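> First the structure, which I've put down as structure tokens, then a few questions once you've had a look.
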Amino acid sequence: MRFALIGQPNSGKSTLFNQVAGYKAETANFSGTTVTYTESRVRLLGQVIELVDLPGCYALDGVSPAERETLRYLASRPVDVVINVADATHLAQSLELTLALFPLKKPMVLALNLMDEAMRLGLRIDGEGLARELGIPVLPLVASKGRGVKEVFLKAMEVAGQKVQAVAEYATQPLTAEERHRRALELAQRFVHRGPRRVTWRDRLDNVLLHPLWGYGVLLIVLFGFFQAVYGIGRLVEPPLLAFFETITQKALDPLQEGTLLWEVGLGIMQGIAAGLAIVLPYLVPFLFGLGFLEDIGYLPRVAFLMDAFMHRIGLHGKAIVPFILGYGCNVPAVMSTRSLEEPRDRYLAAALATLVPCAARLAVVFGLVAFYLGPLIAFGLYLLNLLAIALTGRLLSLLLPEDTPGLILEMPPYRIPTLKNVLSKSWFRIREFVVEAWPMLIGGSAALASLEYFGFAEVFNNLVRPLSWLMGMPSEVGMPLLFGIFRKELSLVMLGQALGTNDFAAVLTPQQMVVYSTFVMFYVPCLATLAVLKRELGTRAMLTISGITVLLALLTALLVMGIAYGIDVLGLG
Amino acid sequence: MTLLNATPGKWFRVVSLGERRGLRAHLRRYGLFEGDRVRVVRAAPLKGPLLIEVNGREIALGRSVAAQIIVEAEECDSP
């Protein structure tokens, strides 16, 4: 037996799915999180049920990718029961989809989700009356707390075998979008009774959070606090984990002879494992947890609202702010989050720009080299330069890719109190994406590079990119560290020490070289993990194009910085 | 007049969702139709988007979108 969950975006389908299927679908208080469907087997009363969570649709006209996906699924698989998840707080709109589902002529159950919130808003819904009118069972549901879930599924089993009993009036002729809208409004007027709506803290919250002045103040505080927390936790966990891996690596490689191919490859593998566990995850885990929390509260659409005006200057709209915020932690989730944008052009542009945002690993290079030796002010300057470069690139790219969407259209969901279970499982869902897809590439790449180095590849490569390093006024040894940097950005600092034979960079590099090197590292080719996600989200060609853009940009900015440094030198300001 | 120059806080009725077919379909998906009553709740500064209320839900619309939507004033200002 196969049950399909269909509902409008942000109605709680995925929350319901996860309640029954364990955590498999991504949820957020941000519409359009699920664009593909997720299937799972569920056991109910001794029967195995195939449960599918279809992407959120406003209607079934095939306008958006989500609707096309849903239609394709319904056409290709036998679905026994449609469970229509409706948002009880916005019944009029939810019923539009319900009316669009009748022509499918499938047995259907209407689950009114978010009933607790509807009650808070003073809405009384006459479920029985609605059920009589529509001719399908109507059940209350609070998916986030698991209330009513069992009843919905038992009812679905009950109607599974039955003939479609929907009231003929709705089922016979397919209605136009306009007719559905009118009809749904009428239905809501008849069956929803509005009690006095209490002004709650949720209403007042927007007066502050979307305020033209306080809104930005709170946004700054929230983002600052968020990053402080992520870096705080990451910095606390990273050094002991790295130290731990160092001893493990030594123990593991002890039986092998140093300098042999096996030893080099072993070292490469261990470094790859350590990089994922000790350098990426300490930042990624708290980051994704915090993000999940902000998402489920419903704060992200507010950020999009506040930042829309700024994002338009770089050819995007407010929704694309999310990948940028994410990018400062790690580019991998940043690129993943471009999925929530509707237009392919926006996804492409947002992903390309998000990979230019210096992630935590690049921060390590900038801080370890520039801030440590030359002072935090210059490091800050590099960050400003980065913002400027992103803005310029955005403008240029949006000239090449003209905007075809008129602008922001985004639902502003009510604030919701997140449940810990939901936030935890969501973070785990995303962490797993890194662990399964990006980490193995890190380990494999690290091992491959180690063996290449064993065969004397380093010198060949250094000579190969000599024109590049010469142009930037660098010693030829920087070639290999930059190549390693593609695997793990912080390796471009670690390996630089190895390549130059010392970790006292001030002794071997001029201040100018340090700044130029850091600038280059800040922009050139995203790391392997990010490349893997770019390929998955946008395809190989886009991945190569974006990489090409980053290298070009890295070279241009590095030369610019070199020129500035030279100018300062000549003028004797330095 | 367009939604862009509608007085914030007052109710208006949507007359047209603009000339662009794609945009019309898009707005309908978010629950905004001709004939609906809308209210501008607030506007973001620096030519940022408008937050509008329609049928009990809130939608943020970029100014270029709001400029396409034609509205007319309601005779009486019912809540």
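The values are calculated or read from the model by the stated rules, or taken from the named source; none is laboratory data. Quick caveat, the model's predicted, so the values are computed rather than measured. All Cβ positions, even for glycine, are placed from backbone atoms using ideal geometry, and neighbour counts span all protein chains on display.
> Identify the residue in the stretch A:114-131 that is in a strand (DSSP E or B) and of a type outside the set (D, E, K, R) and, among all such residues, is nearest to residue A:3 (Cα to Cα). Let's see the steps before the verdict.
Start the filter on the stretch A:114-131 by keeping residues that are in a strand (DSSP E or B), which leaves A:123-125.
Keeping just the survivors that are of a type outside the set (D, E, K, R) gives A:123, A:125.
On the way: A:123: 29, A:125: 25 Å.
Going through the qualifying residues, I end up with A:125.
> While we're on this one: Starting from residues that are on the phi > 0 side of the Ramachandran plot and not hydrophobic (A, V, I, L, M, F, W, C), keep the ones in the stretch A:60-117 and report whichever is nearest to the other protein chains (Cβ to nearest Cβ). Before the answer, list the steps.
Applying the first criterion (on the phi > 0 side of the Ramachandran plot) to the stretch A:60-117 yields A:62, A:105, A:114.
Then keep just the ones that are not hydrophobic (A, V, I, L, M, F, W, C); that gives A:62, A:105.
On the way: A:62: 10, A:105: 23 Å.
Among residues in the stretch A:60-117 that are on the phi > 0 side of the Ramachandran plot and not hydrophobic (A, V, I, L, M, F, W, C), the one nearest to the other protein chains (Cβ to nearest Cβ) is A:62.
> For residue A:70, work out the one condition from (1) out of contact with any helix residue (DSSP H, G or I) (no Cβ under 8 Å at 6 or more places or on another chain); (2) hydroxyl-bearing (Ser, Thr, Tyr); (3) farther than 24 Å from residue A:344 by Cβ it doesn't fulfil.
In the conditions (1) out of contact with any helix residue (DSSP H, G or I) (no Cβ under 8 Å at 6 or more places or on another chain); (2) hydroxyl-bearing (Ser, Thr, Tyr); (3) farther than 24 Å from residue A:344 by Cβ, residue A:70 misses (3) alone.
> With a cut-off of at least 1 residues that are farther than 27 Å from residue A:332 by Cα, name the helices (runs of 4 or more DSSP H) lying wholly within the stretch A:447-491. Don't jump to the end; show me each part of the working.
On the way: elements: A:457-464, A:466-471, A:479-487.
Answer list for the stretch A:447-491: A:457-464, A:466-471.
> If I ask for residues that are farther than 17 Å from residue A:53 by Cβ and out of contact with any Gly (no Cβ under 8 Å at 6 or more places or on another chain), which ones from the stretch A:84-103 would you list?
Listed by number, the residues that qualify are A:88, A:91, A:95, A:98, A:99, A:100, A:102, A:103.
> Kindly indicate the residue of the stretch A:335-356 that is free of Cβ contacts under 8 Å to residues at least 60 places away in the same chain and in contact with a Pro (Cβ under 6 Å, 6 or more places away or on another chain) and also nearest to the other protein chains (Cβ to nearest Cβ) among those meeting that condition.
A:350
> Going through the stretch B:23-52 one residue at a time, which ones are closer than 13 Å to residue B:7 by Cα and more than 7 Å from every other protein chain (Cβ to nearest Cβ)? Give the steps one after another, and end with the answer.
At the first step, the residues of the stretch B:23-52 found to be closer than 13 Å to residue B:7 by Cα are B:38-43, B:50-52.
Across the stretch B:23-52, the qualifying residues are B:38, B:39, B:40, B:41, B:43, B:50, B:52.
> Continuing with the same structure: Can you confirm whether residue A:500 is modelled with pLDDT of 85 or more and in the same structural domain as residue A:442 (by TED's automatic domain parsing)?
The answer is no for residue A:500.
> Scan A:429, A:434, A:372 and give me the residue that is surrounded by fewer than 16 Cβ atoms within 10 Å (Cβ to Cβ) and either assigned to a helix (DSSP H, G or I) or among the aromatic types (Phe, Trp, Tyr) (or both).
Values: A:429 fails: surrounded by fewer than 16 Cβ atoms within 10 Å (Cβ to Cβ); A:434 fails: surrounded by fewer than 16 Cβ atoms within 10 Å (Cβ to Cβ).
Matching residue, one of A:429, A:434, A:372: A:372.
> Can you tell me which residue in the stretch A:321-340 is modelled with the highest pLDDT, limited to those that are outside any helix (DSSP H, G or I) and buried (at least 24 other Cβ atoms within 10 Å of the Cβ)?
Let us first name the residues in the stretch A:321-340 that are outside any helix (DSSP H, G or I), namely A:328-330.
Then drop every residue that is not buried (at least 24 other Cβ atoms within 10 Å of the Cβ), which leaves A:329-330.
Values: A:329: 73, A:330: 76.
That would be A:330.
> So residue B:49 fits all but one of (1) buried (at least 22 other Cβ atoms within 10 Å of the Cβ); (2) of a type outside the set (Val, Ile, Thr); (3) at pLDDT below 90; what number is the exception?
(3)
> Another question, then. So, in the stretch B:1-30, how many residues would count as being assigned to a loop (DSSP other than H, G, I, E, B) and under 12 Å from the mean Cα position of the chain (by Cα)? Explain how you work it out, then say what you get.
Within the stretch B:1-30, the first condition is being assigned to a loop (DSSP other than H, G, I, E, B), and the residues that meet it are B:1, B:6-10, B:17-20, B:30.
Pick out the ones that are also under 12 Å from the mean Cα position of the chain (by Cα) and you get B:1, B:6-10, B:17-18, B:30.
Residues that pass the stated criteria total 9.
> Could you say which residue among B:43, B:60 is touching a helix residue (DSSP H, G or I) at 6+ places or on another chain (Cβ under 7 Å), under 24 Å from residue A:205 (Cβ atoms) and among the small types (Gly, Ala, Ser)? Break it down into steps so the answer makes sense when it comes.
On the way: B:43 fails: touching a helix residue (DSSP H, G or I) at 6+ places or on another chain (Cβ under 7 Å).
Checking each option against the conditions leaves just B:60.
> Might you let me know whether the stretch A:303-320 holds any residue that is assigned to a helix (DSSP H, G or I), more than 14 Å from every other protein chain (Cβ to nearest Cβ) and surrounded by fewer than 24 Cβ atoms within 10 Å (Cβ to Cβ)?
In the first step, residues of the stretch A:303-320 are kept if they are assigned to a helix (DSSP H, G or I); the result is A:303-312, A:318-320.
From what is left, the residues that are more than 14 Å from every other protein chain (Cβ to nearest Cβ) are none.
No, the stretch A:303-320 has no match at all.
> Is there a residue in the stretch B:3-17 that is at the interface with chain A (Cβ under 9 Å from one of its Cβ atoms), closer than 26 Å to residue A:11 by Cα and either loosely packed, with under 14 Cβ neighbours inside 10 Å or at pLDDT 85 or above (or both)? Please lay out each step first, then the result.
Restricting attention to the stretch B:3-17, the residues satisfying the condition of being at the interface with chain A (Cβ under 9 Å from one of its Cβ atoms) are none.
Checked against the condition, which is being at the interface with chain A (Cβ under 9 Å from one of its Cβ atoms), closer than 26 Å to residue A:11 by Cα and either loosely packed, with under 14 Cβ neighbours inside 10 Å or at pLDDT 85 or above (or both), the stretch B:3-17 yields no hits at all.
> Anything in the stretch A:275-292 that is under 14 Å from residue A:446 (Cβ atoms) and surrounded by fewer than 21 Cβ atoms within 10 Å (Cβ to Cβ)? List them, or say none. Give the derivation first.
Here is the first cut: in the stretch A:275-292, the ones under 14 Å from residue A:446 (Cβ atoms) are A:275-280.
Of everything in the stretch A:275-292, those that are under 14 Å from residue A:446 (Cβ atoms) and surrounded by fewer than 21 Cβ atoms within 10 Å (Cβ to Cβ) turn out to be A:277, A:278.
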